[in-house]
Amino acid sequence: MSWLFVFMLTLTLMPIIRSSVLPKSDFFKAPYVTSGTEGESWGYVTVRPKAHMFWWLYQTTNAVTYKQAPLILWLQGGPGGSSTGFGNFEEIGPLDVNLNPRNTTWLSLASLLFIDNPVGTGYSYVESDDAYTTDVQMIAADLLTVFSAFLNQNKDFQSVPFYIFSESYGGKMTAAFSEVLWNAVKAKSLVCNFQGLAMGDSWISPLDSTNSWGPFLYVNSLVDRSQLGKVQESAQMAAKLAAEGKWKDATAQWLVTEDVVEEVTSGVNFYNIQQWSGSQMSEANARLTWLDRAIHRHVKIMQGDDLDQLMNGPIREKLKIIPKNVTWGGQSDTVFQKQIVDFMKPVTDTVDNLITNTSLSVVVYSGQLDLIVDNVGTEAWVYRLNITDEFRKAEKVPIKIRDIPVAFVKAFKNFKYYWILAAGHMVPSDNGPAALAMVKQIVDMA
């Protein structure tokens, strides 16, 4: 498929950045790709010795020029899911995995920046085992380094409104990064018009999410009372281990709870309860370690065959700068493994701080059909925030498309909560029009 991508490539080498800029006239010049976007660039940043992070920018197609339109950074979950791959081609980018134009691309509203994060994800890579990150603080520090380098190279984006959008574990990383970035902007160590963050179906309070699975499944007729008890018993064990400071064991018990859910529901899909994965607890999978089962369930799902072939074939050839020994997604399993101690730790205090001590717009959004981070668990921690009393009194307002509600939103001061209907964990994939309507509101373009 290399003939799909015939175009000119300009390489610019910098001390810590290798980037490639595609001439606007040559974007996706291919026989059957009929549309795309102008103004792409991509590159590597060495964030630490032997740790290299990859970014990819698309300039907006909005009538407003990219020098005025917002810039959105998208952070994928996992940890180990690729923003440049899954987030781009499966969710919000200009083209889908078959290279067909996406009608609900967010590029119609804003420029899009994808960063493969944490290091080792996607095209990002490490050269030694000790260069991986082990917690969200390290992740946030790396993100600050790569984003600072990006802004230094792309100064037009220093003044445009900047937002971070995320999904799943990406929301946990977004909270940590937003706090670090806000402090850096206030300290004037970098120039950025940071306006807000949006955390979608995000792993902010893992125990609240895990403990909500049973009740959520029960009210959706997916378990009976006896099965509810089995799920709750396992989830409560994870909470007990966390309370004892046994965070790695708590992560292992979280996976056991997933196994219980899979068993009692006959394989409900954790990312959309109206879909079925079938039981993954086959004899072969049962022989896997709990960690390998977790990676199979939550990282490999974002590395499907079609996407893998695209990213390690035509896209790799297009980009030109991917090292020969680097495979897209080749280090993602280890990325997840390195985070297992930090995996179940909450960042609710960080979110609370961003709401109460910054002027940022802080957004949480939940897909109605998501199980892994269901709205019941999300509301549990949201209603413990310092704004709880005032937020409870706020009106829940519908968002409509052609007079049909596609979402609801509730707001107080700088905080908003969106409930997205007919969507699971991957909101932009499941309900693209509703996601786009939400983004319009958040970036004040409705």
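Do any residues in region 51-79 that are closer than 19 Å to LYS155 by Cα have Cβ atoms under 6 Å from those of residues that are buried (at least 24 other Cβ atoms within 10 Å of the Cβ) and of a type in the set (D, E, K, R), where the two are at least six apart or on different chains, and which pairs are they?
As it stands, the answer is PHE54/ASP116, since those pairs meet every condition given.
If I go through region 321-349 residue by residue, how many of them are within 13 Å of MET199 (Cβ to Cβ), among the hydroxyl-bearing types (Ser, Thr, Tyr) and buried (at least 18 other Cβ atoms within 10 Å of the Cβ)?
0
Search region 211-261 for residues being hydroxyl-bearing (Ser, Thr, Tyr) and in contact with a Ser or Thr (Cβ under 9 Å, 6 or more places away or on another chain), and hand back the single one that is surrounded by the most Cβ atoms within 10 Å (Cβ to Cβ).
THR257
Count, please, the residues in region 167-195 that happen to be outside any helix (DSSP H, G or I) and crowded, with 24+ Cβ neighbours inside 10 Å.
The first filter runs over region 167-195 and keeps only residues outside any helix (DSSP H, G or I), leaving 167-168, 187-195.
Adding the requirement that they be crowded, with 24+ Cβ neighbours inside 10 Å leaves 167-168.
Of the residues in that region, 2 qualify.
Yes or no: region 364-374 includes at least one residue that is over 21 Å from GLU91 (Cα atoms) and either in a helix (DSSP H, G or I) or touching a residue at least 40 places away in the same chain (Cβ under 8 Å) (or both). Spell out the reasoning first.
From region 364-374, those over 21 Å from GLU91 (Cα atoms) are none; that's our starting set.
The answer is no; no qualifying residue exists.
Is it true that LYS338 is outside the structural domain of ASN193 (by the TED database), modelled with pLDDT of 95 or more and of a type in the set (D, E, K, R)?
yes
If SER266 meets every condition in (1) at pLDDT below 75; (2) in contact with a Ser or Thr (Cβ under 7 Å, 6 or more places away or on another chain) apart from one, which number is that one?
Failed condition: (1).
Quick test of your reading of the structure: ASN375 fulfils all but one of (1) over 25 Å from LEU217 (Cβ atoms); (2) at pLDDT 95 or above; (3) crowded, with 19+ Cβ neighbours inside 10 Å. Name the failing condition by number.
Looking at each condition in turn, ASN375 falls short on (1).
For residues in region 386-413 being assigned to a loop (DSSP other than H, G, I, E, B) and either in contact with a Lys or Arg (Cβ under 8 Å, 6 or more places away or on another chain) or at pLDDT below 95 (or both), which is surrounded by the most Cβ atoms within 10 Å (Cβ to Cβ)?
The selected residue is ILE387.
Counting only residues that are of a type in the set (A, V, I, L, M) and either within 16 Å of GLY170 (Cβ to Cβ) or outside the structural domain of LYS440 (by the TED database) (or both), give me the strands (runs of 3 or more DSSP E) lying completely in region 41-141 with at least 3 of them.
Once the strands (runs of 3 or more DSSP E) in region 41-141 are filtered for at least 3 residues that are of a type in the set (A, V, I, L, M) and either within 16 Å of GLY170 (Cβ to Cβ) or outside the structural domain of LYS440 (by the TED database) (or both), what remains is 71-75, 111-115.
Here are the criteria: (1) without any contact (Cβ under 8 Å) to a residue 60 or more places away in the chain; (2) surrounded by 19 or more Cβ atoms within 10 Å (Cβ to Cβ); (3) under 22 Å from VAL362 (Cα atoms). Tell me which single one GLN158 does not satisfy.
(2)
Taking SER128 as the residue in question, decide whether it is touching a His at 6+ places or on another chain (Cβ under 7 Å) and modelled with pLDDT of 95 or more.
So SER128 does not fit the description; no.
Can you find, within region 51-91, the residue that is farthest from LYS440 (Cα to Cα) among those that are of a type in the set (Ser, Thr, Tyr) and surrounded by 24 or more Cβ atoms within 10 Å (Cβ to Cβ)?
SER82
The values are calculated or read from the model by the stated rules, or taken from the named source; none is laboratory data. As the structure is a prediction and not an experimental result, all values here were calculated from the model. Cβ sites come from the backbone with ideal geometry, for glycine too, and all protein chains shown count toward neighbours.
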